[in-house]
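What follows is a single structure, written as structure tokens, with notes after it.
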Amino acid sequence: MSKIAPFFAKEETAARLLDMGVTEFRALVMDGHLPKAREIAPGVSRWNSEDIRKLDQGSKIDGMDEVDW
């Protein structure tokens, strides 16, 4: 059975999708180089996996208008 790819990822999973550690991932998010998590329910924030996949394509991500894609 194949693994299920989440639509929304916890911080650790989002970092793994980019092959980096949580500390590095968190720093890049804080510096505005990576998208921030979205609150999908009160107190529950996750990263949109599709947004992370868009990074390799240079596609524009909603909410990151300040980044020059």
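Couple of notes before you dig in:
- Residue within region 59-66 that is modelled with pLDDT of 95 or more, open to solvent by less than 90 Å² (accessible area, probe 1.4 Å) and of a type in the set (S, T, Y) present: no
- Those residues of region 9-21 which are touching a helix residue (DSSP H, G or I) at 6+ places or on another chain (Cβ under 7 Å), open to solvent by 70 Å² or more (accessible area, probe 1.4 Å) and free of Cβ contacts under 8 Å to residues at least 24 places away in the same chain, in sequence order: E12
- Only residues that are over 19 Å from A5 (Cβ atoms) and more than 10 Å from the chain's Cα centre (by Cα) were counted across region 27-43, and they come to 10.
- Flag if I52 is modelled with pLDDT of 85 or more, of a type outside the set (F, W, Y) and touching a Leu at 6+ places or on another chain (Cβ under 7 Å): yes
- For first residues located in region 22-44 and open to solvent by 50 Å² or more (accessible area, probe 1.4 Å), partners that are among the acidic types (D, E) and lie 6+ apart or on another chain with Cβ distances below 8 Å form the pairs R26/E11.
The values are calculated or read from the model by the stated rules, or taken from the named source; none is laboratory data. Just so we're clear, the structure is a prediction, and the values are computed from it rather than from any experiment. Reconstructed Cβ throughout: ideal geometry from the backbone, glycine too, with neighbour counts over all protein chains shown. Side chains included, ligands, DNA and RNA excluded: accessible areas come from the protein's heavy atoms. Shrake-Rupley method; radii C 1.70, N 1.55, O 1.52, S 1.80 Å.
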